[in-house]
Structure formats: structure tokens, C-alpha cells
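Heads up, the thing below is written out as C-alpha cells.
The values are calculated or read from the model by the stated rules, or taken from the named source; none is laboratory data. Just so it is clear, the structure is predicted and the values come from calculations on it, not from any experiment. Neighbour counts are summed over all protein chains in view; Cβ atoms, including those assigned to glycine, are modelled from backbone coordinates with ideal geometry. The area values use the complete protein model at the heavy-atom level, side chains included, leaving out ligands, DNA and RNA. Shrake-Rupley method; radii C 1.70, N 1.55, O 1.52, S 1.80 Å.
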Amino acid sequence: MPAPSRQSSPALHRAPLFALVFLSGAASLVYEVLWLKELGLLFGSTAYAASTTLAVFFLGLAVGGAVFGRWSPRLRSPLRAYAWIELGITVSAAVYFVLLEIYFQLYGPLYDALSDRPAAFNAARTALAMLALLPPAALMGGTIPVLGQHLVRRPDELGRIGSFLYAVNTLGAATGAFLAGFVLPLALGFDRAYLLAMAVNLAVAGLAWRLAGAAEAHGAPAPEPPADHQRSQRPGKAPGRRPAVPAADTACPAWLLATVACLSGAFALGLEVLWTRMFAQVLQNSVYTFSIILVVFLAALATGSAIANRLCRVRAAPAQVLWLLLTLSGLGVAVIPFGFHDLTGGLGTLVTGDGWLLYVFSIFANTALLLFVPAALLGSAFPYLLRAAEGSRAEPGAIIGRLNALNTGGAVVGSLAAGFVLLGSIGLWNSMRLFAFGYLVLALAACWNGWRTLGARLLPAAATIGAVVLLGTLVDASRLPVVNVNTDRGERLIETWEGPDGVVAVVERPGNRRIKVNNFYTLGGTASMEHEQNQALLPLMTHPRPRAVFMLGLGTGITAGAALRHPVERLLVCEIAADVIAASAAWFDVPSGGLFNDPRATVRACDARNHLLGTTERFDAIIADLFVPWRAGVGNLYSREHFQASRERLAPGGLFVQWLPLYQLSRSEFEVVARTMLTVFEQVTVWRGSFAAERPVLALIGASGPTLLDPDVIDLNGQYLSGGRELPPSTSLAVTLPFYAGNLSAADGLIPSGPINTDDRPLVEYLTPVTQREERTGATEWFNSAELGAFLRRLHQLVPPERDPHLSLLTAAQRDFVVAGLRYHEGAVASLLGREADADAHFGEFARRIPIEFRPSIEEDDASVDIVP
């Protein structure tokens, strides 16, 4: 690297620049998180859509590093150029808002035209993402090379200053990830958080411009281009000169630098994907837990850069230091599966506190305990390459840009390979072994170049080869399980799928076969077949001609199969996880009533919200399955925008059905969802899915206009379900109307005014994870048992059946079935609370009001199957 003919940058001048690098890194991660959120809403919350967004972002960083790295030696004032780049990020980020609005207008026609051609549709989505993200991402990728060109004044400063730049920038990124995950969405909303990031970039640009002026005014003028560039020489080259460091230190060949830069990026981002999947097996899987993993990973990478900064002062051949870092990285990656297995008791539980703050602290602590040291080691390899490149003849900005481009380009390949190739082909643990092996192979390459003689190479090579042997024998993680099987309950594992969307397993215990995702999230099972069937049978009983039905979520397929018992001509089911479809088709064909062989039914692996946003098809009923509300991405399914898109896809007289697990929502969170639906649908009614008191399920059924519950329609549908057999009078009404709880639209004041759930401020997604932990300490309660009973009594008082416009076609005797349902629920609550005399009285009143022998089940589902320990 030629020695630029310019004055040394004083420490006083560098300190504020490092502060700007920190702020820029923080803003960049806020952008990344928000882009993932916004494009996920547009393109779907699938693993493919998220990976496309990340790949385009990292591709932009790589392009920016390469382009600005080559350009930086020609700059008269790199610091002023940096200011212009930060301003460009602000402008391109603002343009993103305009592009996003255009995309939403184009998305419907695009989806309608290409949704049946996945390759063409994915290519179009990728092109749209590139048009929106490449400009700002490329500008972000150019910041470090340009600043490096400004700050590095001597050849032997490249490693120290460059690694410190990466440490500060990555620490800023960790801070931005924390703010974007824990603070900004609730405090500001996504749009305002995006504006805040733009304001930070604008401020950084202004401060950098002022610092450039101050430096020039105090005798540190922007450097002239090196003399080599004023002649007809190729840019980035300079006449040979004596290096400023010993020859042994400059022995790293260009191919080794390029290989380590590229593969270390691929391995690091691939491992982030794998480690996130690993922790998903034992964590809440909320936006917060994913943010914690990202923050710890970035903080570890920043620490790795700081380690590299210290190692730059070590007078040893850089290839020897690289050998040590790569060998330790490989060993660290290799032992992580075993550490995780021991830490979680074989994927059983992760010891955490019950309260929210204690839970967050313990997740940070456990994640750091397991990942921090290995991640810091692998994060030190890339920035240390700058020390190894100090013997290069290229300019500092060019070196940083080229290595950064290779590293982030490798990151694109590594993350995609891990998520879409390795997990599905060789599984989680073997994928980690593969990356560990890759680090050790790189270590052998560094060993060969770090020592000049065969004898000197023998000991380090033997150590690395020994590590490879350990990887294939004692440290063989392939024998570790990926699914926790509760043998104490007689559970056995039937089949497992590992893919981009998670670990899907079919497990069986006496009397219950079920599907679970990531160990603790149950998608239903045969033990709850009646309740799952009700989620389709009940709402369709009230519709006069449910010809076209759309279902959000498949699960076991039991609910979707029950819909086909009605006179349905077309049933479309959208399930986001393809492996769930495979599991249901393989093991639940009979419980689902032959769903997968019925010509009326189509099951698609896609994002249901995304499909409703793009399709022009209309449906008589749209039924949203039960979702675990605190899981990342689920909050989008309770937003005003989603409800509006669903309403637009309803045929005249159509119904939108949102099932809610009240044993996973507090009353305030239920009210947020109900309030949101009331802003979209003119009529919202409440239906019970069962009479369980501790684990109740309610449906909010929305309609675009006032509807009347027609007893003749219910009788006709009941006769159809019975196969055309003649039923005793009022049978269908007697088994249907007790599940009706009331007319929420007519109950003025029952749902208090307050915030609603929107895409910009997804309250459900950010509040329910806190409730899930606080409920365990008694600080809050689920909306069940006595509190739900009081709510339903109040609803009945505000809108009694005789004054409910929705029930105006019913006779007094038929409306009495609704009252009977309230009494039966009160009996179930009394039984749960141990008040057996009250329970018997309520059950007796139910029997007197119902003219047939009908006793709905009040049995609770297994409460432990879908709650993270």
C-alpha cells in the first residue's frame, strides 16, 4: 500500500468520526429491521421473502463496498464524500417510501398474473426488492471504505484503524438492533422509527461535512490524489517500494485474503441462520427473542473486531494469527450443539425467569453464554485480514472495499445456503459441523502460508487435523436430537421435517396424534378434533350458501376438512410452512376427512395474508385459524390492514371469522383485536368455539353490513351435515345457538376506546410476549375463567337476545337457546372454580332450555403442549 503524502490524522479528529460511524451503524440496522418488516407485509412472511430481503440488502452492501472502494483513491476529500454518501442514504431511504406505495398498487395485478408461476413471481419480487433496497444498501456499503481512505495515513495503520472502524460500526449496529427490537416499534411505530433513522443519517452527513471543513481549516486539508493516479497508471497501483513492515508480515497471498474474506462471511451469516433456528426450539419465538439473538451476535462480532484490533499490534506473521483464529473458530462452532444440548436438558427447557424483565435478562445471558465467545472468534477473522493486507500496494479504501465486498457477498451465499439447502438436506446439527469443518480447512490453508518450512508447519497442521478428527468422532453432533420427545407421557416421534420454516414433527401419545413446530408450538391434534372441527362448522352453519371458503392456516387439516362437510364448491387453504402441509397429508388424512383427496380443496404453501392482498377472487367465508399471538409475524394477522384486505375479498353477504385463543391473550389485548375489527366491519358478533373455562376459544365474526341469523338456513345446513336425514325439530338450532355469545357491534361501551393494531404499530405482536411471561408471576391474567364469564354476562345485559338485531328472525324459544349457552358457560366456570352446587344449577338450567339431549364438552385441552416452559 503506498504511503499517502498527507499529515497524520490526530486522535482528536478521529474521535468524532468514530462516533458518526457508530450512529451510522445503528441507523443501518434500524433500516434493515424495518425493511424486513415492510417487505414481509408486501411479499409475505415466508422464509423465502425474508431471505430475499436480506440477500438483496447484503448484495447492496457488497456492491457499495466494491464500487466505493475502487473510487475512494480518486477522492480529493474522502470525508466530504462520506458526508455526501450519508446524505444519499437519507434521500434513497425517502424514495423507498414512494416505491413502496407504488409496489402496493402493482402487487395485486402482479400476483394475479404470476402467482401460479412461482419462478417468475419470485423473480419479479426479487427485482422489486432490488430496485427498492440496492441504492440505500450500496451507499451504506460505501461508508467504511471511504472513511478508511480518509483515516488511514500510513501503511501500518490499516489493520488497527480498519478493525476499529468495524468494531465501532458493528457495535452501533447491535445498538440499532436492540432499539428496533425493543424500543422503537411501540414508542414511535415503524414509520416514525424509519424517519428517525433518516434523521440520524442526515445529522451524520451534516456533522461529517463540518468536520471536513474544520480539518481543512486547522491544517489537515483533504489529501491530493496520490501521484500514481495523476499518471497513466492503473488506479490502485503504485511503484514498488519497501514495505513499512517486515517481509514475513506481508506474506499473505491475495488468494488467501480473498478466500478467507468470502468464506468467513458465508460461514458467519450461515451460522447466524442456524443458531437462530437452534434457539427457536426452546424460546418464545417472539420478535424480542429473535432480536436478542441478533443483538448478541452483533455484539460478539464487534468484540471480535476489537480482538482483531489488539492482534494487529502483535508482531507475528498474519497468516499464523489467522491460523489460530480460524482453528479456534472451528472448534467453537463444533462444540456449540453439545453446549446447547446440555444447557436445555436435551431441548427440554431453558432455565429462565418468569417475569418479563428477568426472562429477557436470562435469554440475553444464556445466549451470550453459549454464542458470544465462538461468535467473537469467527468475527475476528475478517477484520484481521486488514492487518494481513498491509503489504498490499493498493490504497486503504480499495483494500477495505474489496475485502468488504467479498465478505458480504459470501454472507449472501452462506445465509441462503443455510436456510434453503443445508437445513433441509443435512439438518441443523450436521450443517453446523459442515461450517466448523470449513473453518478448519481455512485454518490449514493459513497454516501452509504462515510457516515457511515443512517442519515448522507440522505442529500447527497436526493440531488442526486433530480438530478435524475430533469433529468426526467425539464432537459428532449428528447424534443429537432436534425434537424433544416427552417419554414420561408415553410420547413417541413419528416423523420429522427440517426446512426453512422450522422443525416440524408429528408426535403421538396415547389418544392423541399431533403436529408441533419448533418443539413447543402445537398446531392441533386428534384429541381436540371436536374443537377443531367447530372452527369451520359453526360459522358456516349460519351462511345460506357457502360456496367458496378461504382458510388462513392448515395445521392438522381437521378444521379445513370439516368445512368440506358443508355444500362447499371451492376450498382454498393457505399454509405458510410447506412442511406442515407434508405432515398433515402424511399423517392426518383420515382425521381431516380426506381433505387432500377432495377435488374441491386446494392447499397452497403461501402466506395467507399475502394471498388475500394479491388475489381478486372473492369468498363467502374467510376463516382465520387459531394462532399463537406472541410468535413473530403473527401480529400482522390481527392488524387493521389485514382485516381491510379480508373484507375486500368477501363476496356479498360474506363472513370473516377470526378465532382467538383467550388463554393466550389478556383482556386488554383481546380488546385491541376487537376494537380493530370494529373499525373495519360494520357488524361483529361473538361466538364460542367450546365451553372450556380455562382454555376458552372465541370467534369474532365480521360482516360488511348488518346480517340476520336465519333459523331456516341453520336447519337446512344441519340437514345437509346429517346426510339428508330428517332431524327432530329444532335440533340444528339447539346445537348451534348456544355457541352464540352476542352482538359486539351493538354493545355500546363494552369495548372501551383505545389503540388499535396496525401494521405501523403492531401492538399484539409486541404486547403479548410480555403478557406471556407476566402471567406466570401473577402480574396479569389471561382472559378466561371468571373474567371472561363477567364479560359475556355484560355483553348479554347490554344486548339481550330479544333486542339483538342479528337475532330478529328467531322466535322467543329459539332465542332461549342463546341464553342456555350463557348458563352453560357459567356452569363450566363455576366447575373450574370448585363451586359444584352453582355449576349443577347452571347445567340444570341449560338442560331445561334445550329440548334435546345435548351436553357440550367442557374438557380442557392439554395446557402444556403449546406453551414454552
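Worth a mention:
- Peptides 639-651, 518-530, 205-217 ranked from most to least packed give 518-530, 639-651, 205-217, packing being the mean of other C-beta atoms within 10 angstrom over each peptide's residues.
- Remark on the chain: ratio of C-alpha radius of gyration to 2.2 N^0.38 Å is 1.07.
- Using just its DSSP H runs of length 4 or more, each adding -39500 (n - 2.57), the chain gives a mean residue ellipticity at 222 nm of -19500 deg cm²/dmol after division by all residues.
- Antiparallel %, DSSP beta bridges [both residues in the stretch 521-848], to 5: 45
- Antiparallel content of DSSP bridges confined to the stretch 508-622, in %, to 5: 30
- Computed over every Cα-Cα pair of the stretch 333-409 and binned at 5 Å starting from 0, the pair-distance distribution P(r) comes out as 3, 13, 16, 14, 11, 10, 9, 9, 8, 5, 2, 0 percent.
- Diffusion constant of the stretch 521-848 at 10 °C, which comes from Stokes-Einstein with the Kirkwood Cα-pair radius and 1.306 mPa s, µm²/s: 79
- Peptides 48-58, 557-567, 698-708 ranked from most to least packed give 557-567, 48-58, 698-708, packing being the mean of other C-beta atoms within 10 angstrom over each peptide's residues.
- Accessible surface, the stretch 557-715, averaged per residue in Å² (probe 1.4 Å): 28
- Beta bridges assigned by DSSP with both partners in the chain are antiparallel in approximately 65 percent of cases.
- Using the average count of surrounding beta-carbon atoms within 10 Å as a protection proxy, the listed peptides 195-202, 381-388, 341-348 rank, highest first, as 381-388, 195-202, 341-348.
- The stretch 687-773 - convex hull of alpha carbons, volume per residue in Å³: 175
- Solution diffusion estimate, µm²/s, Stokes-Einstein, the stretch 256-307, Kirkwood Rh from C-alpha pairs, 4 °C, viscosity 1.567 mPa s: 106
- Ligands, DNA and RNA left out, the 1.4 Å accessible surface of the chain is 61% carbon and sulfur atoms.
- Within the stretch 517-613, the proportion of C-alpha pairs whose separation exceeds 21 Å stands at 27%.
- Rg ratio (alpha-carbon, reference 2.2 N^0.38 Å) - the stretch 282-347: 1.47
- Size of the stretch 689-832 as Cα extents on the principal axes (Å, biggest first): 52, 37, 31
- Set against the 2.2 N^0.38 Å expectation for a compact globular protein, the stretch 164-215 has a Cα radius of gyration ratio of 1.37.
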